[in-house]
Amino acid sequence: MKKFINFIMLAASMTVATSALANDLDDLLKQVKNDRISEGKLDKKREAEFTSARADKQALLNKAKKELANQNTRNNRLTNEYAANEITLAQKSVELANATGTLGEMFGVTRAAAADAYGQVVTSIVSAEFPGRGKVLDVIANSKEIPELEQLEELWIALQTEMTQSGKVSQFSSDVTSLDGSKSTETITRIGTFNLVSANGFLNYNDEVGQVQPLAKQPSGYITDTASDFFAETSGHHPLYIDPSRGGILALETRKRVLMEFYHQGGTVGYAITVLLVIGFLIALERMIFLSTVSSRIKTQEKDLENPTDNNPLGRLIKVYHENRNVDAETLELKLDEAILRETPKIDRGINLIKMFAAIAPLMGLLGTVIGMIMTFQTITLFGTGDPKIMAGDISLALVTTALGLICALPLILIHSVVAGKSKSVLQKLDEQTAGLIASIAEKESK
């Protein structure tokens with residue numbers, strides 16, 4: 001019974017499932033039919049679009065073929081016209097040459113003269129005072145036609161102006177463009193075609209931009225001073241350095257190093273030598289003032305030996321004499337020698353130091369030479385000898401320090417000689433007075 005009930009329940013469930021499956025299949029069939037209808041409509045639409053596009057493409061192709069045929073026709077026509085024009089151009093050239101005659105030679109000469117004049121006029125400093133002279137010359141030099149009478153006159157005027165102004169000293173006002181780009185109006189004196197001078201020295205005319213500019217660095221002081229003095233003169237004659245190469249020599253002068261630039265190439269060793277020189281000069285100056293004062297006081301004391309003072313060595317010696325005038329001559333001599341020994345360090349102080357500085361300075365210069373040569377060989381090891389400019393700085397150090405050592409030693413030796421002579425004269429004066437005092441005591445004893 002139980003199995004029967006289970007069988008019935010299983011059959012009922014299969015019946016329900018079969019019914020549900022049948023409904024799903026009906027829906028699926030209906031959906032497939034609907035999709036087929038939609039896809040059919042879509043295919044027809046695409047087919048219609050393709051047919052329409054094919055017709056358009058055919059029309060475009062036909063249009064392109066027609067355009068190609070037109071262009072080919074035009075090309076043939078232009079080719080024929082070009083050939084005909086070439087023949088006509090050749091005929092016209094022959095006619096022009098026949099009509100020109102000897103004017104053709106003048107045309108070539110004029111162009112050549114204008115080209116030469118253009119290069120001379122544009123780069124000339126006269127153009128700083130008379131700008132715009134090169135425009136007409138440029139037109140004539142690049143013209144393909146026979147120049148007109150007015151153009152020939154302009155060429156003549158340009159050449160005549162250059163020749164006339166080359167022999168004149170003229171003064172005019174112009175804008176001067178500084179190296180930082182700022183401009184200022186200055187009064188400029190032009191010396192022929194050689195130089196431009198202002199109150200600040202020499203100027204340069206930059207023909208590329210048509211501007212008057214100051215030099216990057218003025219030449220040596222004695223050259224610049226003549227330019228400033230010449231600019232300040234209003235009449236008469238005044239000497240002035242001029243550059244006949246139109247700026248070439250002046251540019252070389254500006255590249256030369258001035259004395260201070262050479263000095264700074266000595267580096268630390270050069271500065272140390274300078275310190276020795278300054279200290280030696282200061283010591284010598286102090287010694288000269290001191291010894292001059294002492295000498296002056298000794299001369300004053302010599303005029304009044306009976307009233308000695310303590311402000312000079314002779315006065316102090318005389319006091320020692322007065323204090324020991326009753327002793328014998330030998331004892332007095334010892335007392336006076338002792339007094340002179342006390343005065344000697346004050347008189348000779350610092351003199352040997354000057355002598356030592358004079359001996360040390362060349363040795364320091366030699367030290368700088370050795371350092372410079374070591375650096376030179378190091379540079380050669382790293383970079384080779386292909387570019388001498390790389391080694392120039394180290395070689396300059398070697399040479400400049402040697403020169404500075406000698407420059408320091410020579411005046412110090414001379415100064416030491418002067419100061420030492422001054423000191424010896426003072427000590428000699430004391431020795432003379434000492435000998436006189438001892439002689440007076442010895443004379444008294446002999447009596």
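In nm, give the distance between the simple-model label positions of residue 237 and residue 331, each being 7 Å from the Cα along the Cα-to-Cβ direction.
Each label point lies 7 Å from its Cα, and together they span 8.4 nm.
Shape call for the chain from the C-alpha gyration tensor, a ≥ b ≥ c root eigenvalues: rounded (a/c under 1.5), prolate (a/b greater than b/c) or oblate? Walk me through the numbers before you get to the answer.
Working: a/c = 5.36, a/b = 1.81, b/c = 2.95.
Oblate, since a/c reaches 1.5 and b/c is not below a/b.
Looking at this model, which pairs from 346/424; 256/355; 183/256; 299/422 are more than 24 angstrom apart at the alpha-carbon? List each step's numbers first, then the result.
Working: 346/424 12 Å; 256/355 36 Å; 183/256 27 Å; 299/422 14 Å.
The answer is 256/355; 183/256.
So how many Å³ per residue does the convex hull of the Cα atoms of the range 136-254 work out to?
On the way: hull volume 15.8 nm³, N = 119.
Once divided by residue count, the hull of the range 136-254 is 133 Å³.
Rounded if a/c is under 1.5, else prolate if a/b beats b/c, else oblate: with a ≥ b ≥ c from the C-alpha gyration tensor eigenvalues square-rooted, which is the range 309-422? Kindly include the intermediate steps, with their values, before the conclusion.
Numbers: a/c = 7.41, a/b = 5.17, b/c = 1.43.
Because a/c hits 1.5 or more and a/b exceeds b/c, the range 309-422 counts as prolate.
Report in % the part of the accessible area of the chain that belongs to carbon and sulfur, leaving out ligands and nucleic acids; probe 1.4 Å.
Working: 18100 of 29660 Å².
C and S atoms contribute 61 percent here.
Counting other Cβ atoms within 10 Å of each Cβ, which trypsin sites (Lys or Arg not before Pro) in the range 153-215 have at most 13 and sit in a DSSP loop? Let's see the in-between values first.
Details: sites: 168, 183, 190; in loops: 168.
Sites meeting the loop and neighbour criteria: 168.
Take every DSSP beta bridge whose two residues both sit in the chain, then give the antiparallel share in percent to the nearest 5. Before the final figure, lay out each step's value.
Details: 19 of 20 bridges.
Approximately 95 percent, going by the DSSP bridge assignments.
Rounded to the nearest 10 degrees, what's the angle between the helix 103-123 long axis and the longest principal axis of the chain, both from Cα atoms, 0 to 90?
Tilt relative to the chain: about 50 degrees.
Which of 93, 396, 173 ends up with the largest GNM mean-square fluctuation for the chain, with Cα atoms connected below 10 Å?
Comparing 93, 396, 173 in a Gaussian network model of the chain, the most mobile one is 93.
222 nm [θ] for the chain, helices only, -39500 (n - 2.57) per DSSP H run of 4+, per residue, to 500?
Numbers: 13 runs with 334 residues, N = 447.
Computed mean residue ellipticity for the chain: -26500 deg cm²/dmol.
Would you please classify the overall shape of the range 242-306 from the alpha carbon gyration tensor, given that a ≥ b ≥ c denote the square roots of the eigenvalues, rounded means a/c under 1.5, and beyond that prolate means a/b larger than b/c while oblate covers the rest?
Numbers: a/c = 13.61, a/b = 2.67, b/c = 5.10.
Cα axes put the range 242-306 in the oblate bin.
Taking only protein heavy atoms and a 1.4 Å probe, what accessible area per residue, in Å², does the chain have with all protein chains in place? List each step's numbers first, then the result.
On the way: 29660 Å² over 447 residues.
Computed with neighbouring chains in place, this is 66 Å² per residue.
The values are calculated or read from the model by the stated rules, or taken from the named source; none is laboratory data. Predicted model only: the values in this text are computed from it and were never measured. Every residue, glycine as well, gets a Cβ built from its backbone with ideal geometry; the counts of neighbours run over all protein chains shown. All accessible areas refer to the heavy atoms of the entire protein, side chains included, with ligands and DNA or RNA removed. Shrake-Rupley method; radii C 1.70, N 1.55, O 1.52, S 1.80 Å.
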